[in-house]
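Worksheet for the structure shown next.
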């Protein structure tokens, strides 16, 4: 780890453009592409994600969120699976590990001690520490078949 | 309890200096020596020992409470130790502890209010042939009985 | 050279020095356990991850968490004998932690609903099963704010010198890893109370929500090198900010 | 001692010199081990003072020795060279003993008398000693443990010189393996096999630890204490030979982990180590062989579990004595992660004997192969601490394979106070209780295990008809629940619950279901605990259930304690026919619950009786009955 690992994480202002082009080139499959201009704010993705990650479809555990951005405008936000991710850098027990197939940074329950540092470290607010479970919840790209993209009725999320 | 005397840090340092600095291997030996100096392990001594040996406070406290030899509270002027080894047990050691407990109104491990006597037990001191055995201030008294106890502990003030 | 051996007659591979439970889980075998995390040293406390290991002619029951894998061993993760001893250990644990949902569920899987033993007599931290995950996690994180105290039937989880430790940063990892959720921790908007002390929160500069304890932040800055302004804003506000930036780019 | 020995020849020369020296006409050896409980230290002081004031220092030498064995009759004094054995010596006897020593006439009144009134002059003639084979303890009543010259004069360190100059390390290991020496700490693992694996184990910087386990935690056992207090150099010599065999050429380092409850042993070991260093037997280039080795003493903290090798090593490392899984042996990864060879005190003390006298001599002693395990039976002698309700308590050394009956009756003189033998407990808290029907069982590693007990480190506790076996089981389980490190659910909580269940039985609240639950739980404690403390913790329980089940049943079916021990199941009453109204019991009753009129029979008011038994102890008419 470098002396100042923070410098490696992506500042928000340096985000790649969203229009049409894939945002990430990390895994051998994917990536998950967010197309806010197609989003109607129906929140089917949130529900799909919640059901994919919990038996009772607890929306609080959804890894994707829809934020309104003006009249009839919505933005989907979910983990960007950063190349030099802050969450990975701060994790004291190496419990956040990138999956070589999907490129997703996955949370390893068998390693996590629940200190919560990853939530604070993520500059985008995509790392959510579920207090009741004392574990972080983050997008794992559903192991290669992201439910959000599968269920989005408007093709505003694409798994390419 | 009488007011705990303040602990002179210099006394602690003198004991520490007899052991190699920064070596956890010396931990149990060092605690024994500290206890020999103060008759118990004062908190200040334990804290100083931890930083001297470079072990976390938690580890030192874990060790100090794990081993039966160490006492974290000041002990009485006299210490009556009843051997509760097997040989002493079958020869009636429980009667001795019961008797002292009752007579001095202290549980095992306890100290009388006037700080005169502490009652302790030990798991065998290797004098099994002489059981049941009482050790009063380091002196062994073999073939003990409740009746003999009264004589041995006669000089110790109640209360 | 990878280690090659068999679990339930299925050939598996592992790196030298790996724990059997970790390897088994990675290969999809489910072995119940209450006291193991890959990131802390295995101590074999709960005795629930018992398996049978056959090595040459000799076969024995052992906990899998602290068993370093060896070439040629044959592991069986289930048998009537294993189930019987897991059940008895779960019964002992259930008597210790009667209100733990996790243990109640697991015990039920082994046919134990009501322990035949009464409440445990020396029980300073109700529902604690002395698995030491809290102590090990705290030690692993470098805080050393928790320890075990005493031994045998008087063993307990406690604080060094029985007083709140300066080194505790209030991260709450101990409460997180606890399988029975028995470590009391209460958060208010301004403070987190845990292990007899109150830690001030860093408050979100946008909404005022608690972000992280100040001591944890200071520790993270010192050890992880993230700049201080990372800790100013809470997760929700950061996410909203992100969405606004996205919107600005798209439209 | 003038200067360190540079080589074996210098050592031999000094030894010859010592042996040629004229000895004082008389040496008076006073046991200062267990006998201190009888005031032996005062005895030594008085002897020394008397010798000084009578100015006979050129004729009589007073030595304070280690345990001489016959603790029952202490304080013990042996006068050399005649070997006169005096028992129950008192301060008043000092001048008589000195006079008799000066005159060369035995002092008859202090000699040992057997039950028939026959007296014995010499130590070796006394039945207690006659039936033993004292090899390790041979020097205990002869040498001053604080004098290296005494040890050298008796031939000490000759084995070391032989090993270092005439034998390659591998050869030493071969000899130890061929001797069949098995670990005296209880496990019975062959020492030679252990040494060989430790020597073969990889160590990056050549460090190998040679450790002596002197954490004799078994209550009721004190043979290691006796060896270190009586002949510390024999243990040190064994360890140096071990360092040569296991660690040379490399960096062997020695540790003795010793119980702090044995202050005298700690002190004498320290003195002996200093002497060995001064003599060049520890340190750099020992006897010119190139071997560099020293021994550090680590005191224990009073934790039984630290007798377990991995817990002991954790303790030396400065942490709690928590055992770890031993799938990878400590000979490969032990103390500080380095190859470590740990043996018990008695094992180390055997090493010089084997090197000195040879394998043939050693293998003649002991049993042949009595099991299907490949370790070749049990060779050599074993020291036992014979204690409990036996007439002659003390330390006995017998060849392996002696029967329990020989030890308890021929040496121990049978049960005291004319009571009936009930059981003998071998192997300490982890051992088992064997009944009368097993008295002819030969005592060796394998047979004892077959019978549900074990050798342990050598505690042998004799129980008579007044001992309640449920109470004994409860005692051991109670001991171990306190001594468990508390790591494993099965051991920690299992023992807590077993103790509760046994408490139920001894207080009359148990049923046959309680016994069933005890048996099930005991199986889990045995099968699923990590270390030997846990897996063997239920031995006393299971062996008493196996051999004394009727006693358990009497407690649960009839609410009766046959041995009349369990307080809740007994009552004390006064036999009106025998009571003469002497008032003694009423005066001593701590509850003031004995009433009556002088010269008339007294009665015990049961409501307040706490069953302390003091009335029974003090009654001179035997009028107090327990039912």
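The values are calculated or read from the model by the stated rules, or taken from the named source; none is laboratory data. Predicted model, so just to flag it, every value in this text is computed and none were measured. As a convention, Cβ positions derive from the backbone with ideal geometry for all residues, glycine included, and neighbour counts pool all protein chains shown.
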Name the residues in segment D:81-126 that are in contact (Cβ under 8 Å) with a residue 60 or more places away in the chain and buried (at least 18 other Cβ atoms within 10 Å of the Cβ), would you? D:97, D:98, D:101
Within segment C:103-142, residues within 12 Å of another protein chain (Cβ to nearest Cβ) and in a helix (DSSP H, G or I) come out as C:103, C:133, C:134, C:135, C:136, C:137, C:138, C:139, C:140
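Yes/no matrix, rows are residues, columns are (1) closer than 20 Å to residue D:321 by Cβ; (2) touching a helix residue (DSSP H, G or I) at 6+ places or on another chain (Cβ under 7 Å); (3) not in a loop (DSSP other than H, G, I, E, B):
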position	(1), (2), (3)
D:429	yes, yes, yes
D:433	no, yes, yes
D:440	no, yes, no
D:446	no, no, yes
D:482	yes, yes, yes
D:486	yes, yes, no
D:492	yes, yes, yes
Output the residue which, of all residues in segment A:134-144 that are without any contact (Cβ under 8 Å) to a residue 60 or more places away in the chain and in contact with a helix residue (DSSP H, G or I) (Cβ under 9 Å, 6 or more places away or on another chain), is farthest from the other protein chains (Cβ to nearest Cβ). A:136
Residues that are surrounded by fewer than 17 Cβ atoms within 10 Å (Cβ to Cβ), in contact with a helix residue (DSSP H, G or I) (Cβ under 9 Å, 6 or more places away or on another chain) and assigned to a loop (DSSP other than H, G, I, E, B), drawn from segment D:32-55: D:54
Say whether the condition of being in contact (Cβ under 8 Å) with a residue 60 or more places away in the chain and facing chain C (nearest Cβ under 8 Å) is met by at least one residue in segment D:502-522. no
If you take the residues in segment B:1-44 that are within 18 Å of residue D:296 (Cα to Cα) and surrounded by fewer than 16 Cβ atoms within 10 Å (Cβ to Cβ), which one is farthest from the other protein chains (Cβ to nearest Cβ)? B:17
Only one residue in A:104, A:130 is in contact with a helix residue (DSSP H, G or I) (Cβ under 6 Å, 6 or more places away or on another chain) and either touching a residue at least 24 places away in the same chain (Cβ under 8 Å) or within 12 Å of another protein chain (Cβ to nearest Cβ) (or both), so which one is that? A:104
Quick check on residue A:17: is it modelled with pLDDT under 85 and either under 24 Å from residue C:240 (Cβ atoms) or touching a strand residue (DSSP E or B) at 6+ places or on another chain (Cβ under 7 Å) (or both)? yes
Pick from segment C:20-30 the residues that are closer than 12 Å to residue C:75 by Cβ and within 12 Å of chain A (Cβ to nearest Cβ): which of them is surrounded by the fewest Cβ atoms within 10 Å (Cβ to Cβ)? C:23
Name the residues in segment D:127-139 that are over 18 Å from residue D:380 (Cα atoms) and buried (at least 18 other Cβ atoms within 10 Å of the Cβ), would you? D:128
One residue is enough: does segment B:45-52 have a residue meeting the conditions touching a residue at least 12 places away in the same chain (Cβ under 8 Å), away from chain D (no Cβ under 13 Å), closer than 30 Å to residue B:106 by Cβ and surrounded by 18 or more Cβ atoms within 10 Å (Cβ to Cβ)? yes
Could you please find all residues in segment D:587-627 being within 11 Å of chain B (Cβ to nearest Cβ) and touching a residue at least 60 places away in the same chain (Cβ under 8 Å)? none
If a residue must be within 14 Å of chain A (Cβ to nearest Cβ) and within 14 Å of the chain's Cα centre (by Cα), how many such residues does segment C:34-57 contain? 9
Which residue, of C:4, C:54, C:47, is modelled with pLDDT of 95 or more and surrounded by 20 or more Cβ atoms within 10 Å (Cβ to Cβ)? C:47
Hits in segment D:89-115 - residues which are within 30 Å of the chain's Cα centre (by Cα) and either more than 18 Å from residue D:53 (Cβ to Cβ) or not assigned by TED's automatic domain parsing to the domain that holds residue D:32 (or both): D:89, D:90, D:110, D:111, D:112, D:113, D:114, D:115
Take residues that are within 12 Å of chain B (Cβ to nearest Cβ) and over 30 Å from residue C:148 (Cα atoms) and tell me which of the helices (runs of 4 or more DSSP H) falling wholly in segment D:252-371 contain 2 or more. D:263-278
When you check residue B:67 against the structure, is it more than 28 Å from residue C:149 (Cα to Cα) and within 13 Å of chain D (Cβ to nearest Cβ), yes or no? no
